[in-house]
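Okay, structure first, notes after.
Where a number appears in this text, it was derived from the coordinates with a stated rule and is not lab data. Computed from a predicted structure; not experimentally measured. Virtual Cβ from ideal backbone geometry, glycine too; neighbours counted across all protein chains shown.
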Amino acid sequence: MLRSLLVVICCLSCYFSQAGVIRGKITNERQEPLPFATIFIKGTTAGTTSNAAGQYHLELPAGSYTIVCQYMGYNRAEKQVTVTDAEQVIDMILSPQSMQIKEVVIKSDGEDPAYAIIRNAIKKRSFYRHQVNEYTCNDYIKGMFKLRNVPDRFFGKKIDKNDLGVDSAGQGVIFLSESLTKIAFREPGDLKVEVLSSRQSGGGLGFSFPAFIELYDNNVTAVFSQFSKRGYVSPIAENALSFYKYRLEGVFQDDGKTVNKIAVIPKRKFEPLFSGYIFITDDDWRIHSADLLLTKDYELELMDTLRIRQIHVPVNNEVWRTKDQVIYIAAKQFGFDMAGTSVNVYSNYNLKPELPKKYFDNTILRYDTAFDKKILSYWDSIRPVPLEKEELKDFHVKDSTAMANRDSLKSSRHLDTLRKKQPRVKMTDFLWSGVRHQYYFQRDTGIYSHQLEIKGLLQQLEYNTVEGLVLSVEPSINFNLPGKQQLRISPFIRYGFSNTHLNVYGDISWLRESRLANHYGRDAWTLSGGKRISQFNHEDPISPVANAFYTLFLKENYMKLYENRYAALSYKRRFESDAVLSLGVTYEDRFPVENTTDFVIFKNAHKQFLPNHPYELADIPFNRNQALILDLGFSFQPGQHYIALPDRKIPVGSKYPTFSVGYSKGIPDIGGSDANFDKWKFHINDNMNLRLFGQFFYNLGIGGFLNSKHVDLPDYQHFNGNQTFYNMKYLNSFQLAPYYKYSTVAPFYATANVEHHFNGLLTNKVPLLKQLKWTLVAGSNAFYVNRDNNYVEVFAGLENIFKLIRVDVIAGYQSKDNTRIGVRVGFGGLFGGMIRSRPAQ
C-alpha cells in the first residue's frame, strides 16, 4: 500500500514538474487588444479566454499541442507549440475575416438567402437541443461590475462614496468575484452545480451559478428572468420567422467549415427580441457563434443594454457545445452609471459521464465545504482568464481591508470608534424619520450590537370616529444574544384624544436558529398581552391611512373596532424546506366601543357617519364576551429545490404550488370563555410563468365551521372587502365588496382569486402604451357560501405605470344586488409587484 502511494506521488510530482506555462496577448493587425478571445487546444475543449486587455495564459503538461485562437469577425489562428517547464510567450495577431457572398439563386420575390439557412437551422434546432442526453463540464465564472458615475444625492439623501467603494469621481469596482464550478446535466431538465471554489473581493459567496443562455431553446432566459419575465424569442425558434428579418452578411471558412454570418433584425419594437448576428454552419446548420444585443426598446428591464457573445466549439465529430460566453451589461438609473461583464469559460466536457440514477436530487447548487478556503496560488493555477490590473488591485485592497476589519473586530479601539460614530439624535428624528441607535459591545468572537428603534410620532398619527385623533408611541429594542439568538421587546402605547382611552400592550419575541433532525430552521416564540383596539376582521382589510382620509375628507367611516384585554402565546417554525408551522393560543376579554367624534374637514350635510358596529351585521349583537382560541397552521411547497451551503440549505422554489391549512378552536368554559366553535380552511396558491404569454397567479381556498355553537363577530369568517379607491391585498381580497356584508358562520365556503399579468403582450401593439411600457392585467375574484351569499367580480387594468402603479376597472356582481362598477389603484409592475401583499397562508 505504501509503495503504491509512493509511486502515485512520484508520478504526480513528475507531472507537475513537467508542466509549463504559455502566456501572451491576442491583438488585431493594428495591435489593438481583442478582449475575451477564445483560446483552446485543438481537438479538445480545454483552454482559456483572454481578458479585457487581450492577455491570456495556459498551463499545460509537457508535450506538443496545436493552440487555436478565434474571435468573432476575425480569421482563426493556429500555432504548434512544444511545452516544457520553461515559460513561453506566444502572441497571436488575428486578421479580419474577408466575407464573401456565395453564389445563390435569388427567388423571384427577392428573398434574402439568409432565410433558407435559418429555416434549415430551425428544422435542426430541436435535434441539437436534445442531442446530448447527459454531460458534465467545468465552468470558470468571473463577474465584475463597476460604477462610472454616482450622483451626490439619492432621494434627498447624501451619498457617501467611500461606503460604495468608489473614488471621489464616483468611479470604481463595486463587485468582483470568481468561481470554479462543476456542472452536471441530464435530460429532460435535471441540473446540479457544484461550487468547487469561489471568492468575492472583500468577502462573500460571489456569483457562482452559471448564466445558462441556451439559444437552441424557443424561449431564451437572458441571465435573470427579472430582465424580462416573458423571456426572449430565439433567432432560430420555431416561430422566429414571425418575429425577425434576416440578412446574409457573408460567409467565411473556419477549420474547413463554411460559416454564414446572418444579421438578426427584429420586425417590431417593444417585443422581446434580440438584434445582432448569429453564425450558422453550412450543411449541418448548427450554431457556430453568436453576438446578440438586448435593449430597452425590446422589453429589457432594469438594464439599458445586455450584449451576449457565445463561441461554440466541437467536443467530438458530432457534438458542439458552448466554449466561452461573455455578457456585457450597462445601465443608467437615477444618476448611477454602471457597467459590468460576466465571463463563463466551459471546459472538460464529458458526454458520457455515467452518473448514478439518484445523482440528481432537489439540490441544484452545492458549495464544497472548503469552497472559500483556497489560497492565492490555487487561483493562479486554475484561473483561465488573467486578472486585469484593476481587478488585481480590487482583490488586494478589499481583501486586505476585510482582514484588517476582522482583526479589529476584537479590538477595544474599534469598539470605541463604532460608539463615537453614532449619529446624533435630532428632534426631527423623533417627529418624523424615527430614532435608531446601536449599543455596541464585545464578545470573544467579535463586536455585536443591540438596537433601539422608535418610529416617528407624526408617521403614527391616526384618526377614526371611535378614538378621534390617535397618538402612538412604538419603541422596540433588539438584543443580540449568543448562539444566533435574538430577543425583541416591542411595547405599544396608544392614546385616543376623543374617547380618552389609553391602550398599552406589548410583544416579547425570542428568535433563534436551530436544528431539528440535523436540518436547519428558525424558531420564533412570542408572548404578548395588554389592552388594545382591533378591527373585527383580524386581517385588517382597511389601512389606518385610507380610513383617516375617507373619514376626514369624505365623511365615510369604514373601519369597525372593538377593544380587548388579551394575552397570547405563539410559536412559529420555518423549516429548512421553507415550510411553516404555527401554533398559538389567545385569550381576549372583548367589549364594544362607540363613535365619540364626528369631526370632518369637509362637512357634508347629506352624509352621516355610520355606527361603529358593522352596519351590514346590524341584526347580530356584539356584547362584552370572552374568548379562548387555539390556532394551528401549516404551509408547505412540495418539490422544493435548494442551494446547499456547508452549514445549511436555502430553499429557492419549486414548480409546484404552495399548500396551506389552518384550524381554529374556540374553547368554552375556561376563564369564562364563551367561544365554542371549530373553524378550518385550506388554500392553494401559485404563479405560473407562461413566458411570452405572461404570468398567471391564483389563490384558491375552501373552509367553514365544523361547529358554530357560539361565534362572536371577531371570529366570523370575513371576506376582505374594499370600499376605498386603494388596494394592496391582490389575490386576497374582493375589490368592490363591502367589508362585512358577506361575513358568515356557514359550514362551507369557497374562494377564488385569479389574475393574469400580460407583461407586454397585447399592449405592445398599442403605440402609446408600448412606449410607456404600461402592461395589461386582468382577472376575477369570487366566493360562494350559498345561493343567497355569493359574489363575483371581474377586472382589467394597466400596471407598470411609472414602474410602480396599477389601476384596475372592476365590475362586481351579486345575485340580489345591483352590479357595481369601480376603479382601484394599487402597486403593480416592475417595482410595484415587489411590495404587493402576498396571499394569506
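Side notes on the structure shown:
- Enclosed volume per residue, in Å³, of the convex hull spanned by Cα atoms of region 241-326: 103
- In terms of packing, defined here as the mean over residues of other Cβ atoms within 10 angstrom, the peptides 791-799, 475-483 line up highest first as 791-799, 475-483.
- Gained length - residue 133 relative to residue 247, 0.36 nm times residue gap less alpha-carbon distance: 37.7 nm
- Region 122-248 - charge dipole about Cα centre, Lys and Arg +1 at Cβ, Asp and Glu -1, debye rounded to 20: 500
- Label-point gap, in nm, between residue 802 and residue 481 - each point 7 angstrom along Cα→Cβ: 4.4
- Cα gyration tensor shape of region 132-401, rounded if a/c is under 1.5, else prolate or oblate by comparing a/b with b/c: oblate
- The ellipsoid that matches the Cα gyration tensor of region 679-841 has semi-axes, each √(5λ) in whole angstrom, of 32, 16, 13, with the longest given first.
- Helix-derived mean residue ellipticity, 222 nm - over the chain, DSSP H n ≥ 4, -39500 (n - 2.57), to 500: -3000 deg cm²/dmol
- Cβ-based exposure ranking for 95, 179, 582, in which fewest neighbours within 10 Å come first: 95, 582, 179
- The percentage of C-alpha pairs in region 177-239 whose separation is greater than 14 Å is 67%.
- Two-site label geometry, residue 357 and residue 473: point separation in nm, points 7 Å out along Cα→Cβ: 6.9
- If R0 is 60 Å, the Cβ-Cβ spacing of residue 811 and residue 64 corresponds to a FRET efficiency of close to 0.15.
- In a simple Cβ point-charge model (Lys, Arg +1; Asp, Glu -1; nothing else charged), region 132-401 has a dipole of about 580 debye relative to its Cα centre.
- Note on region 498-544 and region 656-735: Cα centroid distance 19 Å, given to the nearest whole angstrom.
- Percent of Cα-Cα distances greater than 24 Å, calculated over region 461-674: 57
- With a simple spin-label model that places each label point 7 Å from the Cα along the Cα-to-Cβ direction, the separation between residue 502 and residue 405 comes to 4.5 nm.
- Cβ-derived FRET efficiency at R0 51 Å, residue 552 paired with residue 684, nearest 0.05: 0.80
- For region 258-272, 3J(HN,Hα) per residue [Karplus equation, 6.51 cos²θ - 1.76 cosθ + 1.60, θ = phi - 60°, Hz, x = Gly/Pro]: 8, 10, 9, 8, 10, 6, 9, 10, x, 6, 9, 6, 6, 10, x
- In plain terms, the chain from residue 655 to residue 263 could stretch by 137.5 nm, reckoned as 0.36 nm per residue minus the Cα-Cα distance.
- Positive dipole terminus of the chain, leading residue within 479, 326, 759 (C-beta point charges): 479
- Packing-based order for 398-405, 265-272, using average beta carbon neighbours within 10 Å, highest first: 265-272, 398-405
- Under a 5 Å amide H cut-off, with hydrogens placed 1.01 Å from N, residue 737 pairs with 722 among residues at least 5 apart or on other chains.
- Between helix 2-17 and the chain there is an angle of about 70 degrees, using the helix long axis and the longest principal axis of the Cα atoms.
- Estimated at 0.36 nm per residue, the fully extended path between residue 517 and residue 630 surpasses their Cα-Cα distance by 38.0 nm.
- Packing around the peptides 157-169, 303-315, 804-816, taken as the average count of other Cβ atoms within 10 Å per residue, puts them in this order, highest first: 303-315, 804-816, 157-169.
- Helix 544-554 and the longest principal axis of the C-alpha atoms of the chain enclose an angle of approximately 60°.
- Estimated FRET transfer efficiency when R0 is 56 angstrom, pair residue 390-residue 741 (beta carbons, to 0.05): 0.30
- Think of each Lys and Arg Cβ as +1 and each Asp and Glu Cβ as -1; about the Cα centre, that makes the dipole of the chain roughly 640 debye.
- Values of log10 I(q)/I(0), in the order q = 0.28, 0.30, 0.33 Å⁻¹, for region 353-400 under a Debye, Cα-only, solvent-free model: -1.14, -1.18, -1.20
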